[in-house]
Structure formats: structure tokens, C-alpha cells
Amino acid sequence: MMMKRFLLFAAAWLGGLVLADAQDLITTRFGEEIEARVVEVREGEVAYKMYNDLDGPTFLLAKGDILLIRFENGETKTFTDDTYYNAADPDAIRPGMKFREYKDLYYAGNYVRQPGDQYSAGWLGVASFVIPGLGQAVAGEWGRALGFAGGNVLMNILIQNQLEEGDDGKYYYNPYSAAAALYLAGIVLNIWSTCDAVRVAKIKNMYYQDLRQQRAAMDWKIEPFFAAAPKSAAGPAARTTPTAGLSLCITF
């Protein structure tokens, strides 16, 4: 009877160890290890759930940020540098750069959304389609916003100037006037403003993603230290006294 209980206990204990280890381990290029359950490996990103919250939200991580994934079945998948979608040289960016300084370092088509991205490309595009320049203004690019907004106002003024008074006292557009061309130009302006707002949002997000990666790559910590400082002149009778303080250690 005792032997049977022992065997049942041992089986339960071993089963618990197996279940505790039944998780995927994501290792990032910055040394972080994430205990997760990988949901899907997509073209430019990996979708996963936190292992301690499998009913929680699904997170996305760009393949370029991943060094390897060790799956629960023992299989290991390594991600090479060619999966890194942000084309900017890490040494070429720095905090506080203006959009015009880094906009040519990125290709918006390579953008992969990550948790923490500041701007929604979709919503900024919709905003600029409704009111040209609004999406750019939300992103903080006021020069571009004023350019599109001013162009829209000018287009409307030119269209209104094409109105001609008819015999009944009402105003009509002359079919032979430039009104049709101006309407077409206004549509093109709206589409241009929409595409530009989407591009601005994606590039700004990619820039901030790289800044977050730079900060993650720098590890720092403060530790206490103790030392013996001389209390009197040097010599055989020299005395020391313990001294305490804090040391700052920064690793790049």
C-alpha cells in the first residue's frame, strides 16, 4: 500500500515537472527571455501569449527582435538578421531627431506593429481623408499638416470661382470650365494626404521602436559597495575606517 502511494506521488511529481516545462521560450536580441505560448509565426512577426496568462491578450514581436525560440517540444528556431525589418542603421538614429532627419532611413512597407507603438496608421489615414492634414497634425508634423490643409482650402476656393450665374439667378458650374479638373485634383489631394499620414505614422513608429531597442540594449544598475579608507598617515601605524557607498554599473 505504501509503495502504491509512493508511485502515485512520484508520477504526479514528474507530471508536474513536465507541465511546468511545457512552454515556449523566446530569447530576444537584447538578452530578454520571455516565457510564452507561441500562437503563430507570421511573415514579419511572431504572435504569442504570456505563459502565465494564456487567456490574456495576444502580443506581437517583430522577427528582427528575436534571436531564437525554443519550443516546448524541444525544437529550436533561430531568426537571422535578414528578418530584421527596420532598415535604419542603429548608429544613425538618436533621441530627439526630427522627422525629416530619419524619414529616409526607413521604408514604411517594412513596418510591423509592436505593443507600445504610439500612432495608429489606420486612424491617422482616415483622419487625413476626412480632413486633409489632420492625421499629420495628430502625429505632430504641423508643416505637412498645414501644407495639405492649405492645399485643400485653396482647391475649394478655386472650385467656388468656377460657379456662374444662370438666367434663373442660380449658380451653376459651366461644363466647359475647369471645375471638373479641380474636383479631380481635390480627390487626388485627399488620397495623397491619406497615404502620407499612413506613411508618417509607420515611419515614426519604426523610429520609436528602434529607440526602445537602444534603451533595452543598455543595462544599468546601482549596487552598494564597502571599502576601507585610510584614517591616518601612511606607515606601519596607519589605520583604516570602513566606508559605504553606492556604485553605478552601466553595460552597453
| remark: So, with points 7 Å from each Cα along the Cβ direction, the residue 101-residue 72 label distance in nm works out to 4.7
| task | Kindly provide the pair-distance distribution of segment 22-83 built from C-alpha pairs, with 10 Å bins from 0 and whole-percent values in order of increasing distance. | result | 25, 59, 16, 0
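None of the figures in this text is laboratory data; all of them are computed from the coordinates on show. Please read all numbers here as calculations on a predicted model, not as lab measurements. Backbone-built Cβ (ideal geometry, glycine too); neighbour counts: all protein chains shown.
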